[in-house]
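Here the structure is laid out as structure tokens; the discussion comes afterwards.
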Amino acid sequence: MVRAQPVPAHVAVIMDGNGRWATGKGLPRVAGHREGVKAARAMVRAADAIGLRFLTLYAFSTENWNRPEDEVTTLMRLLEESIYRELPELMSRNVRLRVIGRPTGVPLPVRRGIDHVVHETRANTGLTLLMAFNYGGRDELLDAFRALARRVRAGDLEPEQISEAHVGGALYTDGIPDPDLLIRTSGEMRISNFLLWQIAYTELWMTTTLWPDFGPSDLYRAIADFQRRTRRFGGV
Ligand code: FPP
């Protein structure tokens, strides 16, 4: 159970293990991604129910393009289908969708679907669902540094004036508080180029549970553990 203590404002999730879940059951990898979509839907409902302000899901990384072509194609189709299908529920739950990642290189129908749902939900004031799509943490930092360099060249900013706030404001997550808690499923103990700047003081919570098996009770367990930790942000 989630206690009466404050729930974290922002939880980010690296949803890993769809492929292994499917392979372990003798199914094609894409069956794991389909189950992964169901787990993501359950997570949005649970996050909404407990009053999280921000939920970030790592749906597709810039490195994921290196997967076999048919898996990439199926993932794109699945994302396109899911995004339209989920719109009514996002609206009824007052959830706003935002996307972080590079828009370039995303197949047009997928891009269109995402833009449509981002637009339709833009005035919703409940949970903000941040979908990391075609996202890479180093790419995000490069894009930010380039934007700041352009401002310096234009004479709008002195290099010595550049502060953490300037960098934060140039990231895709501008205006969104850093994650309080980062969850990774499937037993891997790495960050995989996710939110590199933003997780400086984020609490990490890893589980061996594969993403399709990760349910609301696992989220509540992670949050309960988080609530027992003392965050010092480098202090004592
Ligand atoms: C990890 O499993 C998952 C992904 C590559 C991302 C795809 C995620 C989904 C389809 C969940 C749905 C999300 C949304 C927001 C629609 P993996 O293939 O890396 O698993 P493996 O490590 O076992 O191979």
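The values are calculated or read from the model by the stated rules, or taken from the named source; none is laboratory data. Source: prediction; values computed, not measured. In this analysis, Cβ positions are derived from the backbone assuming ideal geometry, glycine residues included, and neighbour counts consider all displayed protein chains. Quick note on the areas: whole protein, heavy atoms, side chains included, nothing else; ligands and nucleic acids left out. Shrake-Rupley method; radii C 1.70, N 1.55, O 1.52, S 1.80 Å.
So is Thr202 surrounded by fewer than 21 Cβ atoms within 10 Å (Cβ to Cβ), more than 20 Å from Leu130 (Cβ to Cβ) and over 13 Å from the mean Cα position of the chain (by Cα) or not?
Against the criterion (surrounded by fewer than 21 Cβ atoms within 10 Å (Cβ to Cβ), more than 20 Å from Leu130 (Cβ to Cβ) and over 13 Å from the mean Cα position of the chain (by Cα)), Thr202 does not qualify.
Any residue in segment 228-236 that is within 16 Å of the ligand (Cβ to nearest atom) and open to solvent by less than 50 Å² (accessible area, probe 1.4 Å)?
no
Does Arg93 satisfy the condition of being in contact (Cβ under 8 Å) with a residue 40 or more places away in the chain, more than 29 Å from Leu141 (Cβ to Cβ) and of a type in the set (Lys, Arg)?
yes
Taking the residues in segment 52-73 that are polar (S, T, N, Q) and within 30 Å of Thr125 (Cβ to Cβ) as candidates, determine which candidate is farthest from the ligand (Cβ to nearest atom).
The qualifying residue farthest from the ligand (Cβ to nearest atom) is Thr56.
Of everything in segment 72-110 that's over 17 Å from the mean Cα position of the chain (by Cα) and basic (Lys, Arg), which residue is surrounded by the most Cβ atoms within 10 Å (Cβ to Cβ)?
Only one residue tops the list, namely Arg93.
Give me a count of the residues in segment 1-50 that are more than 12 Å from the ligand (Cβ to nearest atom), surrounded by fewer than 19 Cβ atoms within 10 Å (Cβ to Cβ) and part of a helix (DSSP H, G or I).
Residues flagged as more than 12 Å from the ligand (Cβ to nearest atom), surrounded by fewer than 19 Cβ atoms within 10 Å (Cβ to Cβ) and part of a helix (DSSP H, G or I) within segment 1-50 amount to 4.
Any chance segment 121-129 includes a residue that's away from the ligand (no atom under 11 Å from the Cβ) and of a type in the set (Gly, Ala, Ser)?
Yes, because at least one residue in segment 121-129 is away from the ligand (no atom under 11 Å from the Cβ) and of a type in the set (Gly, Ala, Ser).
Just checking, does segment 167-174 include any residue being more than 18 Å from the chain's Cα centre (by Cα), modelled with pLDDT of 95 or more and not small (Gly, Ala, Ser)?
Yes.
Could you give every pair whose Cβ atoms fall below 7 Å, whose first residue belongs to segment 166-179 and is of a type in the set (S, T, N, Q), and whose second residue is open to solvent by less than 30 Å² (accessible area, probe 1.4 Å), counting only separations of at least 6 or pairs across chains?
Close Cβ pairs (under 7 Å, with a partner that is open to solvent by less than 30 Å² (accessible area, probe 1.4 Å)) amount to Thr173/Ile100; Thr173/Gln198.
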